[in-house]
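Right, one structure below, let's go through it.
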Amino acid sequence: FDRYRQILRATGSDAAAIFRQSMANSFIVASVVTLVCVFFGSLAAYSFARMKFGGQGSLLYVMLFSYRLYRLMILVPLYTVMRDLHLMDTRLGLIIVYSALIMPFAVWIMRGYFQTIPHELEDAARIDGCTRIGALVRVVAPLSAPGLVATSLFCFLLSWEEFLLALIFTGSPAAKTIPVAIAEFTGRHSIDYGMMAAGGVAAAIPPILIALVFQRYLISGL
């Protein structure tokens, strides 16, 4: 357990202290990205599932294609935009980029779940005086709790484990995330296998805890 004590107690510019800061960065970024994607993604998914408008099918597949787009193809344009907006090496920059890239996935998953909920429940709520948003908040959202939890967990994991963009867009402990911090335990002339292993275990704990806490909703949502 010496490596874990080192992670908890290290200070200054020590690699273990930087890893601890990176864990905090990853948790903040992943949590905010999850909230943004689930909130706005649910609104978009509801419109795709319940409303009819021109180009609906094409727009949905364009969104899905944007999620499957190879990251290296958009790396240089993203870097240019982040640099011009002074968002390099900031957690806000990572949150914006991750949210934009993960949002189509959240929309796709939630759309499929909303389609399993009977229209009649919303119709009854609207007859009783609910607006469409009111029906979404009071009827659809509570019934969609398993789907929301499953989508939230996937969004959290996708942003928690992302490496390439975090490696390119961060350089200091102020914004560095866990995958980048673990990779830096590999030096030019040596590899600290002990810290890499301890860091990997520490990085796996939060997603496992979240999955255990919301296990019932996760299984039914899947």
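The values are calculated or read from the model by the stated rules, or taken from the named source; none is laboratory data. A quick note: this is a predicted structure, and the numbers were derived from the prediction, not measured. In this analysis, Cβ positions are derived from the backbone assuming ideal geometry, glycine residues included, and neighbour counts consider all displayed protein chains. Side chains included, ligands, DNA and RNA excluded: accessible areas come from the protein's heavy atoms. Shrake-Rupley method; radii C 1.70, N 1.55, O 1.52, S 1.80 Å.
Structure data summary
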quantity: Residues satisfying the stated conditions in region 138-155, i.e. in contact with a Leu (Cβ under 6 Å, 6 or more places away or on another chain) and small (Gly, Ala, Ser); calculated: Ala150
quantity: All positions within region 169-183 that are assigned to a loop (DSSP other than H, G, I, E, B), under 30 Å from Val107 (Cα atoms) and not small (Gly, Ala, Ser); calculated: Thr170, Lys176, Thr177
quantity: Test: residue in region 131-142 that is of a type in the set (Ser, Thr, Tyr), in a helix (DSSP H, G or I) and loosely packed, with under 13 Cβ neighbours inside 10 Å; calculated: no
quantity: Failed criterion for Leu64 (all others in (1) free of Cβ contacts under 8 Å to residues at least 60 places away in the same chain; (2) in a helix (DSSP H, G or I); (3) more than 26 Å from Leu218 (Cα to Cα) hold); calculated: (3)
quantity: Scan of region 170-200 for residues that are open to solvent by 50 Å² or more (accessible area, probe 1.4 Å) and without any contact (Cβ under 8 Å) to a residue 12 or more places away in the chain, ordered by number; calculated: Thr186, Arg188, His189, Ser190, Ile191, Tyr193
quantity: Of all residues in region 184-222 being assigned to a helix (DSSP H, G or I) and of a type in the set (Phe, Trp, Tyr), the one that is farthest from the chain's Cα centre (by Cα); calculated: Tyr193
quantity: Region 107-119 residues that are surrounded by fewer than 16 Cβ atoms within 10 Å (Cβ to Cβ), paired with ones that are assigned to a helix (DSSP H, G or I) (beta carbon under 6 Å, 6 or more apart); calculated: Gln115/Ala49
quantity: When residues of region 73-125 are limited to those that are assigned to a helix (DSSP H, G or I) and of a type in the set (S, T, N, Q), the one farthest from Ala45 (Cα to Cα); calculated: Thr80
quantity: Residue satisfying condition, being of a type in the set (Val, Ile, Thr) and at pLDDT 90 or above, within set Val62, Val36; calculated: Val36
quantity: Any hit, region 145-168, residues being in a loop (DSSP other than H, G, I, E, B), within 24 Å of Asn25 (Cβ to Cβ), in contact (Cβ under 8 Å) with a residue 40 or more places away in the chain and among the small types (Gly, Ala, Ser); calculated: no
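Residues are listed down the side, and each one gets a yes or a no for (1) open to solvent by 30 Å² or more (accessible area, probe 1.4 Å); (2) within 30 Å of Glu184 (Cα to Cα); (3) part of a helix (DSSP H, G or I); (4) of a type in the set (S, T, N, Q):
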{"position": "Thr11", "(1), (2), (3), (4)": "yes, yes, no, yes"}
{"position": "Phe19", "(1), (2), (3), (4)": "no, yes, yes, no"}
{"position": "Ser26", "(1), (2), (3), (4)": "no, yes, yes, yes"}
{"position": "Ser31", "(1), (2), (3), (4)": "yes, yes, yes, yes"}
{"position": "Thr34", "(1), (2), (3), (4)": "no, yes, yes, yes"}
{"position": "Phe40", "(1), (2), (3), (4)": "yes, no, yes, no"}
{"position": "Ser47", "(1), (2), (3), (4)": "no, no, yes, yes"}
{"position": "Gly54", "(1), (2), (3), (4)": "yes, no, no, no"}
{"position": "Leu60", "(1), (2), (3), (4)": "no, no, yes, no"}
